Amino acid sequence: MTTENIVEFWQTAVLGVFSFGFTFWIKSLHATINRLWDENRQMYAVFQLKSDALRDQEQIMAMLAEIKQSIERINDRIDRRTDAGSR
């Protein structure tokens, strides 16, 4: 084995190790990016669900307020009729 062969062998070995490490790093980076995209989609879905729930709650509270006002008006009418009938 000549010196050139030894140098060529070590260059090939170092480049092979570097290639393997770089490929592993790229795959790891790709997997991390995919995981972050998935988490981002999940966070968006949770945000949408919370926004929808808040909107629904506001609508329910508005309906309950209308029902309360209606019941108060009915009670006022009943009270007036009761008062008018007892005279």
Quiz item: Each residue of region 18-24 in order: what ³J(HN,Hα) in whole Hz does its phi give by Karplus 6.51 cos²θ - 1.76 cosθ + 1.60, θ = phi - 60°, with x for Gly and Pro?
Solution: 4, 4, 4, x, 5, 4, 4
Practice problem: Report the accessible area of W37, computed with a 1.4 Å probe over the heavy atoms of all protein chains in place, in Å² rounded to the nearest 10. | Solution: 140 Å²
Self-check item: Answer label, with Cα Rg over 2.2 N^0.38 Å calculated from the coordinates and candidates (1) 1.05; (2) 3.11; (3) 1.20
Solution: (2)
Quiz item: Of all accessible surface on the chain at a 1.4 Å probe, what whole percent is carbon and sulfur?
Solution: 63 percent
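Stretch I67-F18 to full length: gain in nm at 0.36 nm per residue minus the Cα-Cα span?
Details: separation 49, 0.36 × 49 = 17.64 nm, distance 7.28 nm.
Once the chain is fully extended between I67 and F18, it gains 10.4 nm.
Stretch I78-N5 to full length: gain in nm at 0.36 nm per residue minus the Cα-Cα span? Display every interim value, and only then the final one.
Details: separation 73, 0.36 × 73 = 26.28 nm, distance 10.82 nm.
Result for the pair: 15.5 nm of gain on full extension.
The values are calculated or read from the model by the stated rules, or taken from the named source; none is laboratory data. Note that the structure is a prediction, hence the values are computed from the model and not measured. In case anyone asks, the SASA skips ligands and DNA or RNA and just uses the protein heavy atoms, side chains included. Shrake-Rupley method; radii C 1.70, N 1.55, O 1.52, S 1.80 Å.
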